[in-house]
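A short write-up of the structure that comes next.
The values are calculated or read from the model by the stated rules, or taken from the named source; none is laboratory data. Computed from a predicted model, the values in this text were never measured in an experiment. A quick note on method: Cβ atoms are made from the backbone with ideal geometry, for glycine too, and the neighbour counts reach across all protein chains shown. For accessibility, only protein heavy atoms count, side chains too; no ligands or nucleic acids. Shrake-Rupley method; radii C 1.70, N 1.55, O 1.52, S 1.80 Å.
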Amino acid sequence: MKNRHLACPLAAATALALAGCGMLPGGGGTKTVNIWLMRNSVSEDFLNRFTEAYEEEHDGVELKVTIQDWTGIGKKVTEAIQGPGGPDVIEVGNTQVAQYADTERLFDLTLESVRDLGSEDWLPGLAEPGSIGGAQYGIPWYAANRIVIYNKDLFADAGIDKPPATREQWLTDTEKLNSKGSQGIYLAGQDWYTLAGFVWDEGGELAVDKGGEWAGALDTPAARRGMAYYKELQSLGSGPKDADEQTPPQTDVFAKGDVAQLIAAPSAVAAIVQANPALKDKLGYFPIPGKAQDRPCAVFTGGSDLIIPKNAPQRGAALDVVKALAGEKWQTDLARTMGYVPNKKSLASVVAGQEATAVMARAAARGRATPNSPQWADVEADNPIKPYMTAVLQGEDPLKAAQTASAEITDTLAE
């Protein structure tokens, strides 16, 4: 029985530690599939279960998993896929696929996506950024997106007995909640991922591809309507206009107990409850409301895709590993273990018993990703959307501020 992973802590899963745990290739024609996963994407238990089961079912195949840190990963992956023979499977952020595909060093997985992996059912926020020029290079693995976390006691005190189903009702309810010493919502002024959802819900875009040339689009009427709604909602609380959700950490603010609502991924619940255990049974969840009744707002989908480099030494075996990780059995296990949304809309029911995750899965059906440009990471590195939001919230001319931000996005995407 193979039990190497049971003896090897996940946190120590570097190449050296893996060698010490006896996970390097053996004799007798054994194939070793090198896999890079990102830190905290999976639990040690999940990794153990998957590895044990996979190796038992695939005689002569061993999995060597190396855990990578997000900091500096872009350069590391780019060097690996351009080298003489790097990892066989790599987990990458869904919005990073374009920059790696731009190197022309990724294996085209279009055929397998259609034939074996049920691509027609994938969440759009994972599938779309993995598709470049009509070819599928990233295989959706897991997703997460923002929902509304609310304080049930404050809702009851305001006479609100059910979550709002439209954006208009949401504003009305939030205004009621924003009284008697409580904030209706804590929304930081530079939470641009939340803004993106409002922009998309209005039919706008952050940037558009014009025949191969990308251009910023925050100055369009639709995008500016999204910003106008953000401004109205943000005013119903005391969130800072010139900082993002990490400054201060919004979970700490919500944990004080006088904030009615917070927009965050369900993973924020653990931090809230740790800071204030008394809130454990007082939290409720609903999708960010959309313009239409019972149609959630579009949301940014974060998460990961799996890629296979062209230089993968074990390309065939790597493909089998990806099929397993992206298949129903291990998608179900991963979603339930980690609180993720599975990669297919049809699998949303597997998290029905986990309230916050189930709400997140409902919203994920309308998930989107950031513009699919190889240079989008450069936009985020010196993000002009944040100062644009602050400018509008502080009363500057919305159109002028949007034009300035759009021009900066255009210049960056053209580099």
>> Output wanted: per-residue J couplings in Hz (rounded whole) for segment 109-117, from phi through Karplus 6.51 cos²θ - 1.76 cosθ + 1.60, θ = phi - 60°, x for Gly and Pro.
In response: 10, 4, 4, 5, 4, 7, 6, 10, 10
>> Can you find, among A317, L347, A381, the residue sitting farthest towards the positive end of the charge dipole of segment 261-415, where Lys and Arg contribute +1 and Asp and Glu -1 at Cβ?
In response: L347
> Size of the dipole of segment 147-222 about the Cα centre, Lys and Arg at +1 and Asp and Glu at -1 on the beta carbon, nothing else charged, in debye to 20?
Replying inline: 300 debye
>> What's the magnitude of the charge dipole for the chain around its Cα centre, counting Lys and Arg as +1 and Asp and Glu as -1 at the beta-carbon? Answer in Debye, nearest 20.
In response: 640 debye
> Using modelled backbone amide H atoms (1.01 Å from N, in-plane), which distant-in-sequence or interchain residues come within less than 5 Å of F300's amide H?
Replying inline: R146, G197, R368
> Taking the Cβ-Cβ separation of D294 and D320 as r and a Förster radius of 35 Å, what is the calculated FRET efficiency to the nearest 0.05?
Replying inline: 0.30
> Applying 1/(1 + (r/R0)^6) with R0 = 35 Å to the Cβ-Cβ distance of V208 and R39, what FRET efficiency is obtained, to the nearest 0.05?
Replying inline: 0.55
> If r is the Cβ-Cβ distance from A135 to A278 and R0 is 60 Å, what FRET efficiency results, to the nearest 0.05?
Replying inline: 0.70
> Roughly speaking, what is the stretch gain from S179 to K76, that is 0.36 nm per residue apart minus the C-alpha to C-alpha distance, in nm to one decimal?
Replying inline: 32.1 nm
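Considering only protein heavy atoms, with the full assembly of protein chains and a 1.4 angstrom probe, order S131, S113 by accessible area, largest first.
Values: S131 40, S113 5 Å².
Sorted descending by solvent-accessible area, the residues read S131, S113.
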> Which entries of K76/K310; K310/K345; K31/K310; K231/K400; K152/K256 show an alpha-carbon separation above 19 angstrom in the structure shown?
Replying inline: K310/K345
> Residues in segment 87-104 near a label at D378, defined as backbone nitrogen under 17 Å from the 7 Å Cα→Cβ point?
Replying inline: 96-104
> When averaged across all projection directions, what area in nm² does the alpha-carbon convex hull of the chain cover?
Replying inline: 20.6 nm²
> So how much slack lies between S346 and S267, counting 0.36 nm per residue of separation and subtracting their Cα-Cα distance, in nm?
Replying inline: 26.2 nm
>> Could you give each residue of segment 141-158 its phi-based ³J(HN,Hα) in whole Hz, using Karplus coefficients 6.51, -1.76, 1.60 with θ = phi - 60°, and x for Gly or Pro?
In response: 10, 8, 9, 8, 8, 7, 9, 9, 9, 10, 8, 4, 5, 5, 5, 5, 4, 8
>> Show me the ranking of peptides 271-278, 358-365 by mean Cβ neighbours inside 10 Å, starting with the highest.
In response: 358-365, 271-278
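Based on the mean of other beta carbon atoms within 10 Å per residue, what is the order of 235-246, 67-78, most packed first?
Highest mean packing first, the order is 235-246, 67-78.
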